[in-house]
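To start, the structure itself, in structure tokens.
Nothing in this text is a laboratory measurement; each read-out follows from the coordinates by a stated rule. For clarity, every value in this text was computed on a predicted model and none was experimentally measured. Heads up, the Cβs are rebuilt from the backbone with ideal geometry, glycines too, and the neighbour counts pull from every protein chain shown.
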Ligand SMILES: N[C@@H](CCC(=O)N[C@@H](CS)C(=O)NCC(=O)O)C(=O)O
């Protein structure tokens, strides 16, 4: 399989974790999101994913999947072990809900496109954009801190899709210097997950396209 990814993309980071947890081999195809206005905007990538975002996963049969949560659910349906969703329906709903707090409510507001729009079209100062970023992370994390189960993971003693979404969002929050002292449970879950090789290998700094530069331009 080929994963169109960018080392710092938290949506791609989610899929890397899921692939690693499932023990599925894949090749990284790097799509730089900031160089030359974003290589994701090139026609060759638009032909892969008309939405021009990462991640996209191309299966061995050549099928293209987009949207990290849809890709993760596809992997779950094709490769049941280890499960990324609890068996019991209420617990499954909670795992999906926690994942969606990150993927549907925090991340879209702090994504590359909206932040660029605030800067370039609405002419906001960087300090206002940073305040916006911090606000939505803190609001979402406050809810998650109340919702997570006694650890070590977000839904108890097994890793789920909730952890897969949470860890990349914590990475982004740290990179953008959001104060996390009020979220001890989230910090504990992040630390427990990062002890697992599947999470560690998916970290941005462990990707083939990792860069040292941090221009704050891509989330
Ligand atoms: N909801 C999508 C979000 C994908 C997404 O927005 N990816 C960002 C990077 S984290 C991206 O490719 N942005 C490029 C752009 O907006 O130009 C998912 O979960 O896959």
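Expressed in nm to one decimal, what extension gain is obtained for the pair residue 28 and residue 191 from 0.36 nm per residue of sequence separation less their Cα-Cα distance?
56.2 nm
Pull out the extension gain between residue 200 and residue 60, defined as 0.36 nm times the separation in residues minus the alpha carbon to alpha carbon distance; nm, one decimal.
On the way: separation 140, 0.36 × 140 = 50.40 nm, distance 2.50 nm.
Computed gain between residue 200 and residue 60 is 47.9 nm.
For the modelled label position 7 Å from the Cα of residue 46 along Cα-to-Cβ, which residues of the stretch 1-40 have backbone nitrogen atoms closer than 18 Å?
What the label zone holds, given the 18 Å backbone N cut-off, is 31-40.
Determine the gain in length on full extension of the stretch residue 116-residue 142; use 0.36 nm per residue of separation and subtract their C-alpha separation, reporting nm with one decimal.
Here the segment from residue 116 to residue 142 would lengthen by 6.8 nm.
May I ask you to order 15-26, 156-167, 77-88 by the average number of other C-beta atoms within 10 Å around their residues, highest value first? Walk me through the numbers on the way to the answer.
Working: 15-26: 20.0, 156-167: 24.1, 77-88: 13.7.
Descending mean neighbour count gives 156-167, 15-26, 77-88.
With a ≥ b ≥ c taken as the square roots of the eigenvalues of the C-alpha gyration tensor of the stretch 82-219, please select rounded if a/c is under 1.5 and otherwise prolate if a/b is larger than b/c or oblate if it is not?
prolate
Can you classify the stretch 16-110 as rounded, prolate or oblate using the Cα gyration tensor, where a ≥ b ≥ c are the square roots of its eigenvalues, rounded means a/c under 1.5, and otherwise it's prolate if a/b beats b/c and oblate if not? It would help to have the intermediate numbers written out before the result.
Numbers: a/c = 2.57, a/b = 1.49, b/c = 1.72.
Oblate, because a/c is 1.5 or more while a/b does not exceed b/c.
Return a whole-number percent for the relative contact order of the stretch 1-143, with Cα pairs under 8 Å and 6 or more residues apart as the contact set.
19 percent.
Based on DSSP H runs of at least 4 residues, each adding -39500 (n - 2.57), what is the mean residue ellipticity at 222 nm of the chain after dividing by all its residues, to the nearest 500 deg cm²/dmol? Can you show the working numbers first?
Numbers: 9 runs with 104 residues, N = 219.
Roughly -14500 deg cm²/dmol at 222 nm, from the helical runs in the chain.
May I ask you to order 174-187, 53-66 by the average number of other C-beta atoms within 10 Å around their residues, highest value first?
53-66, 174-187
Among 102-111, 126-135, how do they line up from the highest to the lowest mean number of other beta-carbon atoms within 10 Å? Can you show the working numbers first?
Details: 102-111: 19.4, 126-135: 14.6.
Averaged packing, sorted descending, gives the order 102-111, 126-135.
How high is the relative contact order of the stretch 61-219, in percent, counting Cα pairs under 8 Å that sit 6 or more residues apart? Could the numbers behind the result be given before it?
Details: 127 pairs, mean separation 38.4, N = 159.
After rounding, I find 24 percent.
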